[in-house]
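Here, each number is a calculation from the coordinates, and none is a lab measurement. For clarity, every value in this text was computed on a predicted model and none was experimentally measured. When we count neighbours, we look across all protein chains shown, and the Cβ atoms used for this are built from the backbone with ideal geometry, even at glycine.
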């Protein structure tokens, strides 16, 4: 019988990390599916934000779940892994921005729409780079800079009462 003390410390650390990734990924996917279910049931005006939040949560949960389960997945899913990772890694941010766009109005809504277009362009460039045989992670810096810029703008608006009331 294999007891935990018989495992290599590096193996235990990997297993702990994978367990955390599986739990976190599953939680985000379950929350996303539940949010999507709520949005589908309500079918009223103003539920678009729930669709975007659901897709954001599902895509955010797929990445850690997929990366931790790669070794035990069937071969055909392992082959699809890099494609799925490349797609989901860069599509999380546009869905997050779409969620923020639905929650704002005025110039902040237009700003969010511009961010979504930039993020979609980066996602498309990263996926095309990956399909052409390159490394999609090359686009992570641009993706992260757009995310930081968008969060900074959101922080300024939320932190300033006058700007917050106009949005």
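Brief remarks on what is shown
- Criterion (surrounded by 13 or more Cβ atoms within 10 Å (Cβ to Cβ) and farther than 24 Å from residue 150 by Cβ) met by exactly one of 77, 91: 77
- Scanning the stretch 71-94 for residues that are over 11 Å from the mean Cα position of the chain (by Cα) and either under 20 Å from residue 131 (Cβ atoms) or touching a residue at least 60 places away in the same chain (Cβ under 8 Å) (or both) yields 76, 77, 78, 79, 80, 81, 82, 83, 84, 86.
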